[in-house]
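Quick note: the coordinates plus some simple rules give every number you see, no bench work behind them. The structure presented is a predicted model; accordingly, all values stated were derived computationally and were not measured. Glycine gets a Cβ as well: all are built from the backbone with ideal geometry, and neighbour counts include every protein chain shown.
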Amino acid sequence: MIVVSSPEQAEALLDAGQLGCPGCSGTLRPHGYGRVRRVRSLGGEPVTVRPRRARCFSCAATHVLLPAGLVLRRADTTEVIGTALAAKARGDGHRTIAAQLDRPVSTVRRWLRRAREPHAGWLHQQSVQHAYRADPDLLNRELVWPTTLGDALNLLAGAALACQKRWDCPLPAWTLIGMFTRGRLLPPPLRT
Ligand SMILES: [Zn+2]
C-alpha cells in the first residue's frame, strides 16, 4: 500500500512513470482498481471510492494507492477519525463524540480504544519526525499536552500548517496528516 495525496495525483504519477516500487527500484504502472468502498466524510453523504492499483514493472508486486484523505480499511475519512481523536484528546467521551459526528457509539468507542498505546506512541513518533522536518521550532515548546495522543495530534497539526505555509501546499491539513501517518491515523481494524 502506498499513500498518495489524491486520486488525481496518483493518476498523474502513474502516467508519468514517476511512482517507484517500495519493494525494488522498479517503476509502477496502472493495474486496475482495488475494491469499491463506501466512505463517510464529515457531514457529507457517503462517497464511493475505488483506490487505484499499480503493478511493478520489475518485480511484479501489486500495490494499492490509498488517497491520504482515507484511513486504511476504515469506512470514515481521515478528517472524521481525526476529529474524533482530537475531541478525545480534549477530554470528550465516546458518547459525546458519537453524537457530534453522528456515528454509532460502538464505532467511536472502537476507534478510541485503538488509539491508545501502543498506537498513541507510534503516532507521537511520526508527529515528532514530521514536525522536525516542517519546522523544528514546533518542538521547542513549553506547553506539552498532558496525553501522548493529544501531544501527537498537536504536533501533526503544527507540521501540517507549517507545510502549507512553507511550501505553499494546497492540501487540506487532514490530508497532510494522512500522509504523515501513512494511512494509519488509526491502525487497521483487527480481523475477526
Ligand atoms: Zn518492484
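Of note:
- Hits in the stretch 90-110 - residues which are over 19 Å from residue 152 (Cβ atoms) and in a loop (DSSP other than H, G, I, E, B): 93, 102, 103, 104
- Looking across the stretch 137-192, the residues that are assigned to a helix (DSSP H, G or I), over 16 Å from residue 85 (Cβ atoms) and in contact (Cβ under 8 Å) with a residue 24 or more places away in the chain come down to 138, 162, 163, 166, 179.
- The residues in the stretch 165-176 that are closer than 10 Å to residue 5 by Cα and of a type in the set (A, V, I, L, M) can be counted, and the count is 2.
- Some residue of the stretch 56-74 being more than 24 Å from residue 191 (Cα to Cα), within 16 Å of the ligand (Cβ to nearest atom), loosely packed, with under 15 Cβ neighbours inside 10 Å and not hydrophobic (A, V, I, L, M, F, W, C): yes
- Pairs meeting the criteria (first residue in the stretch 58-82 and without any contact (Cβ under 8 Å) to a residue 60 or more places away in the chain and outside any strand (DSSP E or B), second residue within 16 Å of the ligand (Cβ to nearest atom) and charged (D, E, K, R), beta carbons under 8 Å, at least 6 apart or on different chains) are 61/55.
- Set 36, 49: member being within 29 Å of residue 98 (Cβ to Cβ) and either within 15 Å of the ligand (Cβ to nearest atom) or buried (at least 16 other Cβ atoms within 10 Å of the Cβ) (or both): 49
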